[in-house]
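First the structure, in the form of structure tokens, and then the observations on it.
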Amino acid sequence: MKIATYNVNGVNGRLPVLLRWLEEEKPDVVCLQELKAPDEKFPATAINDAGYQAAWHGQKSWNGVAILSRKAKIENVVLGLPGNPDDTHSRYIQAVINDIIIGCLYLPNGNPAPGPKYDYKLRWFERLNTHAQTLINKKSPVLLTGDFNVMPENIDVYKPERWVDDALFRPETRAAFKKLVSQGWTDAIRKLYPEEKIYTFWDYFRNAYGRDAGLRIDHFLLNPTLAKRLINAGVDKKVRGWEKTSDHAPVWITIDE
DNA sequence: ATGCCGTGGAAACCACGA
């Protein structure tokens with residue numbers, strides 16, 4: 001079973017790229033972030049025609065997350081991250097597919113830091129960690145995936161010294177991620193490829209993709225039950241080279257069924 | 001060293017992204 005995460009950076013602007021990738025790679029489950037579309041403008045028909053059911057949590061202009069499934073039913077959908085009813089951002093959707101609890105998240109960027117946006121990021125992170133703590137010890141398999149907007153270690157940044165003051169790499173941000181993982185989650189990419197330079201995002205500027213000046217910010221965290229079933233993981237890097245593409249590439253894992 | 005590009009929405013620019 002192949003499960004992917006993909007920050008599409010505008011689901012409608014990116015629809016041809018998304019549909020081409022779905023057709024070529026046929027992931028079983030896809031977690032999407034940055035839909036940048038309200039619920040009524042989610043391209044449900046095109047996605048259904050491509051062979052996928054979908055559940056989504058949209059918002060006008062920004063944010064927005066969705067879960068797609070090719071074969072198995074999408075069940076027990078939860079919209080929004082618990083813990084703050086006043087949070088209006090659509091950044092979390094959770095569902096059960098093939099008895100796997102899947103949390104699809106788009107963690108706040110947080111720049112400029114310090115400042116109110118960074119405060120929001122850290123508060124959101126705390127809420128995520130609280131919610132994750134309720135999921136980690138479930139007997140059933142659990143997956144948290146999406147755009148975490150965190151590079152966990154130096155190896156995850158093409159030039160770490162340039163990013164030390166950035167909201168994605170500041171010590172408090174990395175500490176929050178480390179705290180989350182230390183609940184007992186397995187970072188699938190790092191578990192399988194502990195030493196390799198693996199990026200999931202390349203800036204549109206300065207020929208970042210051509211220079212491979214990338215960041216690893218899209219992650220898969222598996223609870224112990226699911227971690228036992230992990231087979232492989234990777235990045236569909238070629239998609240980043242397509243016309244009219246997102247600045248993120250799709251990332252995927254395969255798990256034993 | 002830097003939003004230099006890209007998106008959506010409203011308005012002919014702005015907010016936002018990482």
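At least 1 residues being surrounded by fewer than 13 Cβ atoms within 10 Å (Cβ to Cβ) and either in contact with a Leu (Cβ under 8 Å, 6 or more places away or on another chain) or in contact (Cβ under 8 Å) with a residue 12 or more places away in the chain (or both) is the threshold, and among the strands (runs of 3 or more DSSP E) wholly inside region A:139-257 those reaching it are A:230-235. Out of everything in region A:50-92 that is among the charged types (D, E, K, R) and in contact (Cβ under 8 Å) with a residue 24 or more places away in the chain, what residue ends up being nearest to DNA strand B (Cβ to nearest atom)? Looking at the filtered set, the residue picked out is A:ARG91.
In region A:95-111, is there at least one residue being surrounded by fewer than 16 Cβ atoms within 10 Å (Cβ to Cβ) and of a type outside the set (Asp, Glu)? Within region A:95-111, one or more residues are surrounded by fewer than 16 Cβ atoms within 10 Å (Cβ to Cβ) and of a type outside the set (Asp, Glu). Regarding region A:93-108, can at least one residue be identified that is more than 11 Å from DNA strand B (Cβ to nearest atom), of a type outside the set (S, T, N, Q) and more than 21 Å from A:LYS2 (Cα to Cα)? The answer is no; no qualifying residue exists. Note on region A:1-21: among residues that are part of a helix (DSSP H, G or I) and either farther than 27 Å from A:PRO108 by Cβ or touching a Leu at 6+ places or on another chain (Cβ under 7 Å) (or both), the one that is nearest to DNA strand B (Cβ to nearest atom) is A:PRO16.
Read the figures in this text as sums done on the coordinates, not as results from a lab. Computed from a prediction, not measured in an experiment: that's the story for all the values here. FYI the Cβ positions are ideal-geometry reconstructions off the backbone, even for glycines, and counts take in every protein chain you see.
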